[in-house]
Amino acid sequence: MTFTLANFPQAPRFGALPPEFYTRVSPTPLPDPILAAWNADLAQTLGLHADPQAHPDLAHLLAGNLLPEGASPLASVYSGHQFGTYVPQLGDGRALLIGEHRAPDGTIYELQLKGAGLTPYSRMGDGRAVLRSSIREYLCSEAMQGLGIPTTRALGLVSSPQPVLREELETAAVVLRVAPTFVRFGHFEYFHRTGDHASLRTLADWVITHFYPECHDDPQPYAALLRKVAQRTAQLIARWQGVGFCHGVLNSDNMSIIGLTLDYGPFGFLDGFDAGHICNHSDHTGRYAWHHQPEIGLWNLHCLAQALLPLADKEALTEVLKQYQSMFEVAFSGQLRGKLGLQSWQDDDWNLVSLLLEQMQKSATDWTLFWRALATFDAEGDTRNEKLRDFFIDRPAFDAWTEQYRARIQQENSCASLRFDRMNRVNPMYVLRNHLAEIAIQKAGKNGDFSEIERLQRCLSHPFEPRDEFADYAATPPDWAQSISVSCSS
Ligand code: AMP
Ligand code: MG
């Protein structure tokens with residue numbers, strides 16, 4: 001049977017690589033799929049004219065039961081370091097690239113079904129994804145997009161009654177996810193470790209051609225590639241730190257070669273600030289805690305650099321790695337400058353931030369609510385900024401901080417209302433807190449009611465825009481939020 005989505009697929013790009021890179025494999029049919037979410041905005045961006053009303057078969061397409069005409073699904077092979085240990089063979093264990101598509105603006109996107117059944121890289125897994133984590137991936141990738149943070153996207157989500165065993169019995173789901181490429185650091189590690197240096201070079205050249213063409217002109221193209229990836233990684237992680245996002249499983253196979261947030265699993269946004277917050281209950285040592293993410297970025301770049309050794313000068317690669325710290329500092333100070341509403345960044349501002357974080361840590365100050373509220377800071381009058389004070393236990397310490405902050409703002413002589421607007425474009429009002437995702441998951445699981453997914457998506461796609469109808473999403477998390485436990489099991 002064939003199914004036609006207008007203009008899809010059009011442009012094999014990853015699929016044009018040689019067979020060493022993947023195995024062609026069809027999705028395993030998924031019984032009784034129900035469309036749980038459809039991202040009409042993204043469909044429009046892609047130029048895919050598939051109205052769920054007009055296409056009752058859309059659920060079957062997302063489930064992998066029908067393939068678009070011309071699709072030739074494949075699972076790609078990669079490896080990577082998981083929690084610091086090299087695992088020689090990973091790959092798309094439950095994801096299939098079903099096709100590549102040229103959007104009206106010319107960008108080519110890979111379309112992947114995550115949860116579409118067994119592949120040669122499934123190892124001990126069942127090739128499925130559960131509804132719980134698929135809702136989290138669908139919502140969070142769109143929330144990140146709303147925040148303006150580079151990410152893979154989600155075009156749709158289907159749910160099925162098919163049972164799937166995790167810690168307990170759950171049900172299956174598939175997310176149709178979209179990105180210019182799903183290539184990871186781990187793809188490079190695989191070809192390096194298997195000694196297939198010809199494929200390693202093919203891959204590096206392919207990535208350069210499609211995503212970093214300027215590197216072709218560099219006398220050291222592969223070191224230049226590492227530099228570009230390091231820059232994107234530093235910028236991405238700085239953005240995560242700014243919004244209090246913890247990825248949860250920053251293994252090198254979950255690191256995008258083009259600096260996207262990739263593979264949403266046990267992620268979490270900070271509620272009350274704790275620099276050492278560990279969002280993944282399977283992360284027993286806190287390797288991927290919030291404050292470790294920047295250095296983990298560097299650790300993973302070391303893995304990538306090592307994989308590039310057969311292609312590039314060791315000194316040139318090492319030199320790039322040495323620059324990462326300052327790349328990150330530039331990117332992170334840019335984030336902090338915006339969050340504080342400053343117009344420039346001075347060395348002393350690091351001190352201003354660490355004094356603030358010290359107090360936020362002591363008071364477990366809500367990351368999102370406080371930063372959002374900081375736009376209301378009165379720098380001119382002699383008010384005590386009572387609302388902001390209420391975020392802190394040690395109020396005299398906060399008062400002392402406000403004196404420094406006030407002086408800094410007065411030094412810039414910035415206009416209060418412009419500063420207010422600027423800060424509100426940087427500090428979101430809404431993020432996908434765990435308990436918000438949990439409410440959507442419970443409704444979907446218990447009653448097959450997917451309305452909360454749609455409502456959350458509507459809110460989170462414009463997270464800087466206050467709206468009365470979403471007041472509940474901007475409230476302090478309820479006590480039960482602390483008992484939510486997310487792990488690698490998905
Ligand atoms: P993740 O922890 O989701 O990044 O996955 C790590 C590796 O395990 C990747 O190769 C995945 O494709 C694979 N994997 C994860 N879950 C499953 C599953 N349920 N079935 C098959 N492979 C899986
Ligand atoms: Mg992964």
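Here are the numbers for this structure:
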{"item": "Criterion (buried (at least 21 other Cβ atoms within 10 Å of the Cβ) and within 16 Å of ligand 1 (Cβ to nearest atom)) met by exactly one of Leu301, Leu262", "result": "Leu262"}
{"item": "Restricting segment 93-118 to residues that are within 13 Å of ligand 2 (Cβ to nearest atom) and either touching a residue at least 60 places away in the same chain (Cβ under 8 Å) or among the polar types (S, T, N, Q) (or both), the residue that is surrounded by the most Cβ atoms within 10 Å (Cβ to Cβ)", "result": "Gly115"}
{"item": "Search result, residues across segment 213-266 that are of a type outside the set (A, V, I, L, M), under 30 Å from Tyr430 (Cα atoms) and in a loop (DSSP other than H, G, I, E, B)", "result": "Gly244, His247, Gly248, Asn251, Gly259, Asp263, Tyr264, Gly265, Pro266"}
{"item": "Top-ranked residue in segment 387-414 [being in a loop (DSSP other than H, G, I, E, B) and modelled with pLDDT of 95 or more; ranked as surrounded by the fewest Cβ atoms within 10 Å (Cβ to Cβ)]", "result": "Ile393"}
{"item": "Residue in segment 267-286 that is in a loop (DSSP other than H, G, I, E, B), of a type in the set (Phe, Trp, Tyr), within 16 Å of ligand 1 (Cβ to nearest atom) and assigned by TED's automatic domain parsing to the domain that holds Glu319 present", "result": "yes"}
{"item": "Segment 226-237 residues that are closer than 9 Å to Tyr212 by Cβ, paired with ones that are among the charged types (D, E, K, R) and assigned to a helix (DSSP H, G or I) (beta carbon under 9 Å, 6 or more apart)", "result": "Lys228/Glu214"}
{"item": "Test set (1) in contact (Cβ under 8 Å) with a residue 40 or more places away in the chain; (2) farther than 25 Å from Arg433 by Cβ; (3) not aliphatic (A, V, I, L, M) - Trp367 fails condition number", "result": "(2)"}
{"item": "Qualifying residue in segment 122-142 (condition: away from ligand 1 (no atom under 16 Å from the Cβ), assigned to a helix (DSSP H, G or I) and not β-branched (Val, Ile, Thr))", "result": "yes"}
{"item": "Checklist (1) at pLDDT 95 or above; (2) buried (at least 21 other Cβ atoms within 10 Å of the Cβ) applied to Ala50, failing item", "result": "(1)"}
{"item": "Boolean, Ala173 is surrounded by 19 or more Cβ atoms within 10 Å (Cβ to Cβ), assigned to a strand (DSSP E or B) and in contact (Cβ under 8 Å) with a residue 40 or more places away in the chain", "result": "yes"}
{"item": "Checking Met423 against (1) in contact (Cβ under 8 Å) with a residue 60 or more places away in the chain; (2) not in a helix (DSSP H, G or I), the condition it does not meet", "result": "(2)"}
{"item": "Among (1) within 16 Å of ligand 2 (Cβ to nearest atom); (2) in contact with a helix residue (DSSP H, G or I) (Cβ under 8 Å, 6 or more places away or on another chain); (3) under 21 Å from Val130 (Cα atoms), the one test that Gly268 misses", "result": "(1)"}
{"item": "Pick from segment 229-277, criterion of a type in the set (Phe, Trp, Tyr) and farther than 16 Å from Val486 by Cβ, ranking: farthest from the chain's Cα centre (by Cα)", "result": "Phe273"}
{"item": "Restricting segment 455-490 to residues that are closer than 24 Å to His284 by Cβ and among the β-branched types (Val, Ile, Thr), the residue that is surrounded by the most Cβ atoms within 10 Å (Cβ to Cβ)", "result": "Val486"}
{"item": "Residue satisfying condition, being surrounded by 14 or more Cβ atoms within 10 Å (Cβ to Cβ) and not assigned by TED's automatic domain parsing to the domain that holds Pro33, within set Thr383, Thr376, Thr365", "result": "Thr365"}
{"item": "Identity of the residue in segment 119-154, touching a residue at least 40 places away in the same chain (Cβ under 8 Å) and more than 24 Å from Gly268 (Cβ to Cβ), that ends up farthest from ligand 2 (Cβ to nearest atom)", "result": "Pro120"}
{"item": "Identity of the residue in segment 82-121, among the small types (Gly, Ala, Ser) and closer than 16 Å to Asn254 by Cα, that ends up nearest to ligand 1 (Cβ to nearest atom)", "result": "Gly93"}
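Here's the yes/no breakdown for (1) of a type in the set (Phe, Trp, Tyr); (2) away from ligand 2 (no atom under 16 Å from the Cβ):
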site	(1), (2)
Arg177	no, no
Phe185	yes, no
Tyr190	yes, no
Thr209	no, yes
Pro213	no, yes
His216	no, yes
Gln220	no, yes
Leu226	no, yes
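The values are calculated or read from the model by the stated rules, or taken from the named source; none is laboratory data. Keep in mind it's a predicted model, so treat the numbers as computed, not measured. Here the Cβ is made from the backbone with ideal geometry for all residues, glycine too, and neighbour counts use every protein chain on show.
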